[in-house]
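J.: The following block contains the structure, expressed as structure tokens.
The values are calculated or read from the model by the stated rules, or taken from the named source; none is laboratory data. Since the structure is predicted, the reported quantities are computational estimates derived from the model, not experimental observations. Virtual Cβ from ideal backbone geometry, glycine too; neighbours counted across all protein chains shown. The accessibility values were calculated without ligands, DNA or RNA, using every heavy atom of the protein model including side chains. Shrake-Rupley method; radii C 1.70, N 1.55, O 1.52, S 1.80 Å.
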Amino acid sequence: MSATVLKLFGVLLCSIIACADVMPMENFDLQKMSGKWYLIGFATNANWFVNHKADMKMGSAMLAPTADGDLDMSYENLKSDGTCWRMTFHAKKTDTPGRFTFFNQRWRNDNDMRVVDAQFDKFALVHTIKTKDGKSEVLNKMYSRGTDLSPELQDKFRKFCMSTGILPENIAFLPHNGECPQA
């Protein structure tokens, strides 16, 4: 094996083992997650991201807590042709506040999502382990209530991502984008 392949294998193995221990934040408040968020930071070592990150732009998410403590998530992103990409998930609560699970029908993977840090009026840092066919990948996202992220929060996101095994070149801050028209 080449040194590059061994390095990548080591990073992936390390990240999967380390990420199993990533815990949600203390004092998580589901109600404060409610509302509109902008997806500004995005990081993963997954091949699909490495191949498409140059084309990605900022999108938005509407998060809505349910009466039983689950979380409805609706994502949308304006595409370059003026159409909108949309996706929705119903994330089920777990016994751990701030941790949710859901199945992605489109990509057919199981998702274990944890809100690891937040100031609910400013940002939310979300860590997800995606598993398909026995293979797990880490995806970290930084949400913001506005379309800009301070240098301090960008640094916080970078440091967190690297601590979960994401290579520095696979940490992206998505450029501004237009909004989707109401559906």
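J.: Restrict the check to region 140-151 and report whether at least one residue is hydrophobic (A, V, I, L, M, F, W, C) and under 20 Å from residue 26 (Cβ atoms).
T.: Yes - at least one qualifying residue is present in region 140-151.
J.: Now, a different point. Just one of 68, 55, 110 is of a type in the set (Asp, Glu) and touching a Ser or Thr at 6+ places or on another chain (Cβ under 6 Å); which is it?
T.: Of the residues listed, the single one that is of a type in the set (Asp, Glu) and touching a Ser or Thr at 6+ places or on another chain (Cβ under 6 Å) is 110.
J.: With the structure loaded, tell me whether residue 83 is loosely packed, with under 15 Cβ neighbours inside 10 Å, free of Cβ contacts under 8 Å to residues at least 24 places away in the same chain and of a type in the set (Ser, Thr, Tyr) or whether it fails that test.
T.: It is true that residue 83 is loosely packed, with under 15 Cβ neighbours inside 10 Å, free of Cβ contacts under 8 Å to residues at least 24 places away in the same chain and of a type in the set (Ser, Thr, Tyr).
J.: Looking only at region 148-178, how many residues end up being surrounded by 14 or more Cβ atoms within 10 Å (Cβ to Cβ) and closer than 23 Å to residue 32 by Cβ?
T.: Residues in region 148-178 being surrounded by 14 or more Cβ atoms within 10 Å (Cβ to Cβ) and closer than 23 Å to residue 32 by Cβ: 6 in total.
J.: Another question, then. Mind listing whichever residues of region 63-77 are open to solvent by 40 Å² or more (accessible area, probe 1.4 Å) and either more than 14 Å from the chain's Cα centre (by Cα) or farther than 21 Å from residue 127 by Cβ (or both)?
T.: Across region 63-77, the qualifying residues are 64, 67, 68, 72, 76.
J.: Looking at this structure, is residue 45 touching a residue at least 40 places away in the same chain (Cβ under 8 Å), farther than 22 Å from residue 121 by Cβ and in a strand (DSSP E or B)?
T.: Spelling it out, it is not the case that residue 45 is touching a residue at least 40 places away in the same chain (Cβ under 8 Å), farther than 22 Å from residue 121 by Cβ and in a strand (DSSP E or B).
J.: A further question on this structure: Can you report the number of residues in region 47-62 which are open to solvent by less than 30 Å² (accessible area, probe 1.4 Å) and out of contact with any Lys or Arg (no Cβ under 7 Å at 6 or more places or on another chain)?
T.: So the answer is 4.
J.: Now for a different question. Which of the residues spanning region 100-115 are open to solvent by 70 Å² or more (accessible area, probe 1.4 Å) and basic (Lys, Arg)?
T.: Residues satisfying the conditions are 106, 108.
J.: Next up: Just give me the residues in region 126-146 being open to solvent by 40 Å² or more (accessible area, probe 1.4 Å) and under 16 Å from the mean Cα position of the chain (by Cα), in sequence order.
T.: Once the filter is applied, which keeps residues that are open to solvent by 40 Å² or more (accessible area, probe 1.4 Å) and under 16 Å from the mean Cα position of the chain (by Cα), region 126-146 yields 131, 137, 145.
J.: Of all residues being assigned to a loop (DSSP other than H, G, I, E, B) and of a type in the set (D, E, K, R) in region 20-42, which is modelled with the lowest pLDDT? Just the residue, please.
T.: So the residue we want is 21.
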